[in-house]
Structures are given as C-alpha cells and as structure tokens.
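In what follows, a structure is listed as structure tokens, so that the remarks can point back to it.
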Amino acid sequence: MLKAIGSGKELANIGYFSHVKDIIDKEELGQLKNITHHISTTRFQHCLNVSYYSYIVCKKLNLNAHSAARAGLLHDLFFYDRKAYNSIRAKGQVSHSRLHSFIAAENASKLINITDMERDIIEKHMWPVTLKLPKYRESYVICFVDKYCAVIEFFSPKFRKYSLRLSESIS
C-alpha cells in the first residue's frame, strides 16, 4: 500500500499517482525505504508525504502540482547518514542542512530529466537555511510542507489523527 502519513487514501488509486508513477518504483527511491528519517519513518515515506501534500496544496492554489509532486518525491534523494555526516564533518565544511538539497538535485537529475522548476524546488527546499530565495511559488510550498511533514513524522503517531483530519478537509 502506498499512503502518506495522515491520509487514509491509497495513493496508487488517485490522480496524484499519475504524476509520479514513472519514478516511484525506481531502485534509487527504493533504497530510501531502508534509511530512518525523522525518528519514526523512512526517508522514502518522508519524501512520499512531502510529495503528496505539496501536490494537494499546489492543486488547490492552481500552481504546478505536477512538478511539486515529482520534486517532493525527489527532494531528499541522498544516501548517506545525515547524523554521521554532521558528526564527522571538519570545521568550515558545509552542514548537512545546506548541502543535501544540492546532492539530492544532482541525484534526481541523474535519475530523470528534471525541469528548472523541479531543480529549484529540490535545491531550495531547506530555505532559509540555503540562503538563496526560491524562484517559484511551488518551491515555497515544498519548503513549508517539508517542515510540516517533519513535525508530523517526528511526533507521529500522536499527530496522525490531526493530520488525517487536515488532509480530509483540504483534499
């Protein structure tokens, strides 16, 4: 089953899926299923959550929901342990929070042809940490949805009921 945390919907059976069906089963994304993320989930599940909820918000706002769904799925496409990186990095090196979005964008561009908008979304999803302002409204949506999902995942399952009510009200 393919579900976003807080949603009771089977994502493979709704319109959202048509936007990501060509990349969702890629081996590289499958590797993210083995990496813990935000304590209570996997990096794959986090990317799926960000992708789905960004798609919903962008659709409601008449923005490019297609690019939001795809970039959301790829926004954390990196394979190293972020905690290990931060503990061993030398003084003066870039923090994981600033670096990983650029690594994810490179990995995404090797996996599929990403648009300029999708690259901006992926590279700037950690704004304001990444300093440069996002270029597109969809990039801002991903920034905020990413933070929302991180909080829900961190405190999950305590907030799952609240998240489910929120997702039902906006979809």
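Is it the case that some residue within the stretch 83-102 is among the polar types (S, T, N, Q), modelled with pLDDT of 65 or more, within 23 Å of ILE23 (Cβ to Cβ) and out of contact with any Ser or Thr (no Cβ under 9 Å at 6 or more places or on another chain)? Looking for residues that are among the polar types (S, T, N, Q), modelled with pLDDT of 65 or more, within 23 Å of ILE23 (Cβ to Cβ) and out of contact with any Ser or Thr (no Cβ under 9 Å at 6 or more places or on another chain), one finds none in the stretch 83-102, hence no.
Does the stretch 120-130 hold any residues that are more than 17 Å from TYR55 (Cα to Cα), part of a loop (DSSP other than H, G, I, E, B) and either hydroxyl-bearing (Ser, Thr, Tyr) or touching a residue at least 12 places away in the same chain (Cβ under 8 Å) (or both), and which are they? Of everything in the stretch 120-130, those that are more than 17 Å from TYR55 (Cα to Cα), part of a loop (DSSP other than H, G, I, E, B) and either hydroxyl-bearing (Ser, Thr, Tyr) or touching a residue at least 12 places away in the same chain (Cβ under 8 Å) (or both) turn out to be MET126, TRP127, VAL129, THR130.
Of all residues in the stretch 112-126, those satisfying the criterion of being of a type outside the set (A, V, I, L, M, F, W, C), buried (at least 19 other Cβ atoms within 10 Å of the Cβ) and farther than 20 Å from LYS21 by Cα are ASP120, GLU123, LYS124, HIS125.
Tallying residues that are farther than 27 Å from LYS60 by Cα and among the aromatic types (Phe, Trp, Tyr) within the stretch 93-152 yields 1.
The values are calculated or read from the model by the stated rules, or taken from the named source; none is laboratory data. Just so you know, these numbers come straight off a predicted model, no measurement behind them. Please note: Cβ atoms are built from the backbone with ideal geometry, for glycine as well, and neighbour counts cover all protein chains shown.
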